[in-house]
Amino acid sequence: MFALIRQSRLELVQGDITQQQVDAIVNAANSELAGGGGVDGAIHRAGGPQLMAETDRLYPDGCQTGSAVATGAGRLNARFVFHAVGPIWEGGHSGEPALLAGAYRRCLELAMEHNCQSVAFPAISTGVYGYPKNRAAETSLAAVCAFLQTHNQPALVRFVLFDAGTLAAYSQALETLTRDS
Ligand code: ADP
């Protein structure tokens with residue numbers, strides 16, 4: 001599924017984010033940038049040790065929740081990895097939506113700063129961080145759409161959803177969002 005938002009294309013696909021050929025691949029990291037399981041483990045495995053060497057050297061204090069930092073992409077088919085830190089779901093009244101939206105927005109700002117025309121995102125916070133998928137979908141897609149509306153770039157934003165259930169949740173949210181706007 002896709003939507004055209006001003007000059008950008010917003011795509012939802014099912015797949016493995018480590019196999020994407022884009023300018024920047026977004027990782028769902030933890031605030032220590034310490035490595036983990038899920039998409040983070042997959043990205044570090046596929047990208048190789050350069051990623052951890054760079055996060056250790058450039059960001060020894062880690063990254064705040066709701067933000068993101070950039071490294072090179074090692075062996076991945078990309079120029080950069082943006083390590084984004086989404087919130088842990090604590091019931092929804094601890095500022096989770098603003099933090100999740102902030103993580104996506106910061107990645108899109110990094111894309112502009114590094115001249116990236118294409119960015120691939122995973123469903124940040126929806127794995128071990130426990131964010132309900134339908135709510136994460138709504139908040140994440142609204143943040144990305146709002147950014148594309150006002151900045152007209154990057155040209156391509158692709159959400160790479162790992163399983164059919166996640167793709168369905170994000171497709172439903174995008175349909176609602178584009179119907180209502
Ligand atoms: P978080 O800690 O932010 O919840 P996780 O890595 O646990 O991060 O999960 C985030 C999402 O990434 C989940 O929906 C999970 O299914 C998905 N995921 C796991 N591996 C991959 C992958 N290789 N490509 C894309 N998405 C992935």
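The values are calculated or read from the model by the stated rules, or taken from the named source; none is laboratory data. Bear in mind the structure is a predicted one, so any value in this text is a computation, not a measurement. Ideal geometry is used to build each Cβ from the backbone, glycine not excepted, and the neighbour counts take in all protein chains shown. Remember, those area values only see protein heavy atoms, side chains included, never the ligands or the DNA or RNA. Shrake-Rupley method; radii C 1.70, N 1.55, O 1.52, S 1.80 Å.
Taking residue 161 as the residue in question, decide whether it is under 13 Å from the mean Cα position of the chain (by Cα) and under 20 Å from residue 24 (Cα atoms). Steps first, answer last, please.
Values: under 13 Å from the mean Cα position of the chain (by Cα): yes; under 20 Å from residue 24 (Cα atoms): yes.
In short, yes.
Would you confirm whether or not the stretch 135-157 contains a residue that is within 11 Å of the ligand (Cβ to nearest atom), over 25 Å from residue 94 (Cβ atoms) and in contact with a strand residue (DSSP E or B) (Cβ under 9 Å, 6 or more places away or on another chain)?
No, because not a single residue in the stretch 135-157 is within 11 Å of the ligand (Cβ to nearest atom), over 25 Å from residue 94 (Cβ atoms) and in contact with a strand residue (DSSP E or B) (Cβ under 9 Å, 6 or more places away or on another chain).
Would you point out the residue of the stretch 19-49, among those that are farther than 16 Å from residue 78 by Cβ and touching a strand residue (DSSP E or B) at 6+ places or on another chain (Cβ under 8 Å), that is surrounded by the fewest Cβ atoms within 10 Å (Cβ to Cβ)? Walk me through it before giving the result.
First pass over the stretch 19-49, keeping only residues farther than 16 Å from residue 78 by Cβ: 30-38, 41, 49.
With the extra rule that they be touching a strand residue (DSSP E or B) at 6+ places or on another chain (Cβ under 8 Å), the set shrinks to 33, 38.
Numbers: 33: 24, 38: 15.
Top of the filtered list is 38.
So the check is Cβ under 6 Å with 6+ separation or different chains; which pairs have a first residue in the stretch 7-30 that's within 13 Å of residue 156 (Cα to Cα) and a second one that's in a loop (DSSP other than H, G, I, E, B) and open to solvent by less than 10 Å² (accessible area, probe 1.4 Å)?
23/116; 24/116
For the stretch 77-126, which positions are out of contact with any Ser or Thr (no Cβ under 8 Å at 6 or more places or on another chain) and among the hydroxyl-bearing types (Ser, Thr, Tyr)?
Residues satisfying the conditions are 94, 118, 125.
Of everything in the stretch 16-56, what is part of a loop (DSSP other than H, G, I, E, B), within 26 Å of residue 151 (Cβ to Cβ) and near the ligand (Cβ under 9 Å from one of its atoms)? Give them in sequence order.
20, 29
Which residues, taken from the stretch 108-131, are within 6 Å of the ligand (Cβ to nearest atom), of a type in the set (S, T, N, Q) and open to solvent by 20 Å² or more (accessible area, probe 1.4 Å)?
Taking the stretch 108-131 as the starting set, the residues that turn out to be within 6 Å of the ligand (Cβ to nearest atom) are 122-129.
Pick out the ones that are also of a type in the set (S, T, N, Q) and you get 125-126.
Across the stretch 108-131, the qualifying residue is only 126.
Which ones in the stretch 132-143 are more than 10 Å from the chain's Cα centre (by Cα) and either among the hydroxyl-bearing types (Ser, Thr, Tyr) or open to solvent by less than 50 Å² (accessible area, probe 1.4 Å) (or both)?
Step one: of the stretch 132-143, the residues more than 10 Å from the chain's Cα centre (by Cα) are 132-139, 141-143.
132, 136, 137, 139, 141, 142, 143 - these are the residues of the stretch 132-143 that are more than 10 Å from the chain's Cα centre (by Cα) and either among the hydroxyl-bearing types (Ser, Thr, Tyr) or open to solvent by less than 50 Å² (accessible area, probe 1.4 Å) (or both).
Per-residue answers, yes or no, for (1) within 17 Å of residue 159 (Cβ to Cβ); (2) polar (S, T, N, Q):
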site	(1), (2)
65	no, yes
81	yes, no
84	yes, no
89	no, no
117	yes, yes
132	yes, no
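Given the conditions (1) open to solvent by 40 Å² or more (accessible area, probe 1.4 Å); (2) of a type outside the set (Lys, Arg); (3) within 13 Å of the ligand (Cβ to nearest atom); (4) within 18 Å of residue 145 (Cα to Cα), report the number of the one that residue 88 does not fulfil.
(4)
Going by what's in this entry, would residue 9 be described as part of a strand (DSSP E or B), open to solvent by 60 Å² or more (accessible area, probe 1.4 Å) and over 20 Å from residue 131 (Cβ atoms)? Steps first, please.
Working: part of a strand (DSSP E or B): yes; open to solvent by 60 Å² or more (accessible area, probe 1.4 Å): yes; over 20 Å from residue 131 (Cβ atoms): yes.
So residue 9 passes the test.
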